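The values are calculated or read from the model by the stated rules, or taken from the named source; none is laboratory data. All figures in this text were calculated on a predicted structure; none of them were measured in a lab. Using ideal geometry, Cβ is built from the backbone for each residue, glycine included, and neighbour counts are taken over all protein chains shown. Only protein heavy atoms, including side chains, enter the accessible area calculation; ligands, DNA and RNA are left aside. Shrake-Rupley method; radii C 1.70, N 1.55, O 1.52, S 1.80 Å.
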Amino acid sequence: MLMVGKEVPDFESDAYVDGKIKHIKLSDYRGKFVVLCFYPGDFTYVCPTELYSMASVYDELKDLGVEVLSCSTDSVHSHKVWHETSDLIKDVQFPMLADTTGEIAKKFEVYDEDHGVAVRGRFIIDTDGILKAVEVLYPNVGRNVKELIRQIKAFIYVKKHPSEVTPAGWEPGKKTLEPSIELSGKVYTVWP
C-alpha cells in the first residue's frame, strides 16, 4: 500500500473534461492539493452519486486550491456519453481520467484484478506530491465529501502552521495543539 508521507507515483492519461479529450499528467498539478478519486465504473449505481457529490463541492474545493481528478477503467468516450446522458453527471467539471489498462489504479494499489476495475479509492495529495490521506472502500459503499473537505482544510492548515496539529474532528477556527513534552499525557487539560 502507498504510504502517507511519501511521494506518489506520477502518471499520465487521457481525460474527458470541458467537452474535450485532454492529456493529463499528475505532475502538472504540483503546487495544488489534488484529490484523486478512483471509482469502479460509469453507468453504475454508487459511482454517479459520488461524482455528483464531488461536483456539488467542486467550486469550494477549487477555492481552497484543490483540483479533483476522477479515474475509472472506462474510456474517454464512455465518460463523454455518461456526462451527456446522466442528470447526475452532467455538472461534473473536473477531469474524468480514462485508465483503460488499469495501470494508474495498479500504481495506487486499488485495481481489482478479478473484475478489471478500480475499487473505490480516494487519495489526498499535497502541493509537493506527497500523499496525505488514503481512503479505500468496498464498491458497495459511497464516500463522504463533507469529511473530505474537513480533512483537506486540516491538511492545508497544518501545512501553513507546521508546529501545530489538529485533533479529532477539528474544524477551522477550533483549537489546535502544539506538541511538546509538557503536553504529553496531558492533552485532556487543553482539549475537552
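Which is the longest run of the chain containing none of the GluC sites (Glu not before Pro) found in DSSP loop states (not H, G, I, E, B) with at most 16 other C-beta atoms within 10 Å?
By the stated rule (loop sites, at most 16 other Cβ atoms within 10 Å), 1-108.
Stretching the chain fully between THR44 and TYR188 yields a gain of 47.2 nm (0.36 nm per residue, less the alpha carbon separation). Using the alpha carbons alone, the radius of gyration of the chain stands to its Kirkwood radius in an Rg to Rh ratio of 1.01. Computed from the C-beta positions of THR101 and LYS25 and an R0 of 22 Å, the FRET efficiency is 0.85 to the nearest 0.05.
In this simple spin-label model, placing a label point 7 Å from the Cα along the Cα-to-Cβ direction at both ASP91 and ASN144 gives a separation of 2.2 nm.
Each principal axis of the Cα cloud of region 141-188 was taken in turn, and the coordinate range along them, longest first, works out to 41, 23, 17 Å.
Listed highest first by mean packing, meaning other Cβ atoms within 10 Å per residue, what order do 116-123, 34-41 come in? Display every interim value, and only then the final one.
Values: 116-123: 20.8, 34-41: 22.8.
Result, highest mean Cβ count within 10 Å first: 34-41, 116-123.
Taking 4 °C and 1.567 mPa s as conditions, region 1-76 diffuses translationally at an estimated 94 µm²/s according to Stokes-Einstein applied to its Kirkwood radius (Cα pairs). Label-to-label distance, LYS160 versus ASP114, with points set 7 angstrom from Cα along the beta-carbon direction: 4.5 nm. Rounded to the nearest 500, the 222 nm mean residue ellipticity of the chain from helices alone is -7000 deg cm²/dmol, with -39,500 (n - 2.57) taken per DSSP H run of at least 4 residues. For ASP14, the residues whose amide H sits under 5 Å from its own are ILE24, ALA98, ignoring neighbours fewer than 5 places away on the same chain, with H placed 1.01 Å from N. Tell me, what % of the accessible area of the chain is carbon and sulfur with a 1.4 angstrom probe? Looking at the chain in its full context, I get 52 percent from C and S. Note on region 9-150: lysine pairs with Cα distance below 15 Å, sequence gap of 8 or more or different chains, count 8. In percent, rounded to a whole number, the relative contact order of the chain is 24, using alpha-carbon pairs under 8 Å and six or more apart. Separation of region 10-32 and region 144-192, taken as the distance between their Cα centroids, equals 32 angstrom. When region 54-97 is described by a simple charge dipole with +1 on each Lys and Arg Cβ and -1 on each Asp and Glu Cβ, the residue from MET54, SER78, PRO95 located farthest towards its positive end is SER78.
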